[in-house]
Structures are given as structure tokens and as C-alpha cells.
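Since every read-out is calculated from the coordinates, none of them should be taken as a lab result. Values in this document were obtained by computation on a predicted structure and should not be read as measured data. Here the Cβ positions follow ideal geometry from the backbone for every residue, glycine too, while neighbour counts run over all protein chains shown.
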Amino acid sequence: MPPNCWCAFRPPVIEPVPLPENLRVTIPVQKPRLTSRLYAVPGGLTTFTDEFFSGGLIPREAVEYVLSLAAYLQYDFANGDVYASGDGFPQVLLKDPHTYGMYSLWFTDPVSFASGEYCLSGVVQYSSFFHEMGHNVTLNSPAAYYTGGKIDGNANAIYSETLANIFAHATAYEMLRNAGEFGLDDGLAAEIRQTARLAMAVTRKGYEDYLAAGKPFHSWNDPATAGDETFGTFMTIAYKFCERAEADGNGYSGPVKRMMLLLQKFNPDWRARYSAGANSPAAETFRATWMVAALSYAFSADLREEFRALQFPIDDAAFEDLLNAASG
């Protein structure tokens, strides 16, 4: 058996704790009607039928419970400052038979996310689910001026992918740290841990590749090139967040909530300076400074020099203004 491999031979034994019904995640048997606040809803979406849960080793209810628990944690990470679709922030998981991966549909009501069949084939892809749910939450925050749509374009990843990575790692950490309190048995916890370790390996490799490539900071993904220039940058920010949280040893929840407090001050001025639709040295500097200020506020530490050593362009005056806005 490969290292860190968990193979289930029996259904998980869960002693569920009460969770808010208005944060529930469902894997519906019948496709719900999705309406959109912004973009067209992809065609061809369907549901995961009972055959994906046949045999009873991964009951639909068990996966729904883990995802609802993740939603509960992530809503708290965002300080409850999330756009509400009716009563609360329910989410649904749908199947896209034409894709292998997963993607967020943060702009639908109810909020949804979609995956190819692989997500429930063999080991359940919990960390990938946590990642897409992280998109759903952070792109719908702050409630009064949510970032989703406003940071669209070639500059979105330094915010959207960084936060989805951080939320996924933080969710797995806090869920496993409190597995007994959440009623998760050892087998299910081991399965979640396996996917979390694999996800962290990807984040760490992204950081190490960034260093090996000479620290090429990019917050703009040039559509004329084949690759995504921003990949190493957002992986580096996410890795540095996790590295600091692990070193401090106080868990992930507190720093994530503080980080979000700064990011949730997003406003028309910050949107203009972020400049999602056009790149410039000034825009690159603001995007970098915004994220470094958020991590600095998260850990009550000035991380400017650490990120300058990683070739992040940082404006000291903007950094101070951002911190003051978070504290105000």
C-alpha cells in the first residue's frame, strides 16, 4: 500500500453535531433550479446519482456532513460577512460530465460548485471540495461589496486562488484538529488527512518552483502565453501563510479571520487600484501590497521584508493605509 494511502473497508461511523441548516451543503438527487447574479450557468450540469454511493462505503449523507462541516468552518473564517442568498449560505454540489476537474459557481443562487465524476471515485476529494467552497465564500465576501466579478480578468488569481488555497488548508487543519468533537471516526479523518497532505504537497511544490525559477513575481496572467504566470506567486503567498500558522502553533482559524477582516474592507478605491482589467507597475504593486498587508495583519507581524526578499513589489504608504483601514 502506498504511503499515506487510506482505503475504506467499511462505511464511516459519524456522530454528527448540529450544524446550521442555512449553511448546509447538499449533493442533490434532483437538480435544483439555478439562477445567476452575473454569468451564464454552464449547460449540461446534472446530479450524482445513487450509483456513486452504491456499496455504502461513501454514503451520500456522510459526504454531505463533511462538506456542511467545511461550510460551517469557512463561514466563520469569513467572519460571517458573506453575501446571503435568501436565508444564509447553502451550497449544492453538481456533476459536470464534460470535465475532469472542479470549479466554483459562486455567482449562482443557490451557490454551487461542480465536478467531474473523479471526485467520488475511490478516495473522496475532500481538499478539492474545500478549495472550491473557499472560492464560493471568498468571492462572495464582503457581503455589501463582494469581490467576485470586480476582480475578474487576468489579475484575479493573486486574490481568488490564494484564498481558495488558504481556506482549503485551514478547513482541513481545523476539521482534523477537532475531529473527535465533530464526530468524525478515525477512518474518515484519515481519508480527509490524505487529501489534505496531497494538497499541501502541491502548494509547497509551487512555492519551491517559484524559488527555483528566480522568484518571478506576477499578478497578471498574460492571455497571449500558454502558461499561467501567476501560479508560483499565489502558491507562494498560500504557502507562506501556512508556514507562519504552523510555526506559531495557534491553529489556522484566528489568522484566517484576521486576514479576512482586512480583505473585507474592499471598496471602490481599492478596486480601481487593483485594476483587474489593465496591468501596470502601479497595479502590480497594489495587488502585492494588499496581499502582504493581509498576511501581516493576520499574524500581527510586519512581513514586508520577507516578501520583498521574494521579489514582491510593496508600497510602504499603501501598506500602512491598508493596515489602518483594517483597524479602523
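General remarks:
- Debye intensity ratio I(q)/I(0), log10, region 157-327, q values 0.08, 0.10, 0.16, 0.20 Å⁻¹ (C-alpha model): -0.26, -0.40, -0.95, -1.36
- Backbone geometry of region 240-256 corresponds, through the Karplus equation with coefficients 6.51, -1.76 and 1.60 at θ = phi - 60°, to 3J(HN,Hα) couplings of 5, 4, 5, 4, 5, 4, 5, 5, 6, x, 10, x, 9, 4, x, x, 5 Hz, x marking Gly and Pro.
- Region 133-220: C-alpha gyration tensor shape, a/c 1.5 cut-off, then a/b vs b/c: oblate
- Comparing Leu45, Leu163, Leu23 in a Gaussian network model of the chain, where Cα atoms under 10 Å apart are tied by springs, the biggest mean-square fluctuation is seen for Leu45.
- Computed from phi, the 3J(HN,Hα) profile of region 118-131 under the Karplus parametrisation 6.51, -1.76, 1.60 (θ = phi - 60°) reads 4, 5, 10, 9, x, 5, 5, 7, 4, 5, 5, 4, 4, 5 Hz, with x in place of Gly and Pro.
- Note on the chain: with a GNM built from Cα contacts shorter than 10 Å, the maximum mean-square fluctuation among Ala78, Ala245, Ala172 falls on Ala245.
- Once exposed loop chymotrypsin sites (Phe, Trp or Tyr not before Pro) are cut out (DSSP; at most 10 other Cβ, 10 Å), longest piece of the chain: 101-328
- Cβ-based exposure ranking for Leu303, Leu261, Leu38, Leu184, in which fewest neighbours within 10 Å come first: Leu38, Leu261, Leu303, Leu184
- Ascending count of other beta-carbon atoms within 10 Å, so fewest first, for Lys31, Lys265: Lys31, Lys265
- The chain: most fluctuating residue of Arg271, Arg193, Arg287 per GNM, C-alpha cutoff 10 Å: Arg271
- Nearby lysines by direct alpha-carbon distance to Lys215 (threshold 20 angstrom, same-chain neighbours under 8 apart not counted): Lys205, Lys240
- Residue order, fewest to most beta carbons within 10 Å, for Glu306, Glu320: Glu320, Glu306
- Eligible aspartates and glutamates near Lys257 by straight Cα distance, threshold 19 Å, same-chain separation 8 or greater: Asp76, Asp81, Glu132, Glu161, Glu174, Glu243, Glu246, Asp248, Asp302
- Three-way shape call for region 25-96 based on the alpha-carbon gyration tensor, with the a/c threshold at 1.5: oblate
- The chain shape via C-alpha gyration tensor axes, a/c threshold 1.5: prolate
- Over the chain: helical MRE at 222 nm, DSSP H runs n ≥ 4 each giving -39500 (n - 2.57), nearest 500: -15000 deg cm²/dmol
- For region 226-234, 3J(HN,Hα) per residue [Karplus equation, 6.51 cos²θ - 1.76 cosθ + 1.60, θ = phi - 60°, Hz, x = Gly/Pro]: 6, x, 9, 4, 7, 4, x, 5, 6
- Radius 15 Å from Cβ of Tyr210, net charge of other residues (Lys, Arg +1; Asp, Glu -1): -2
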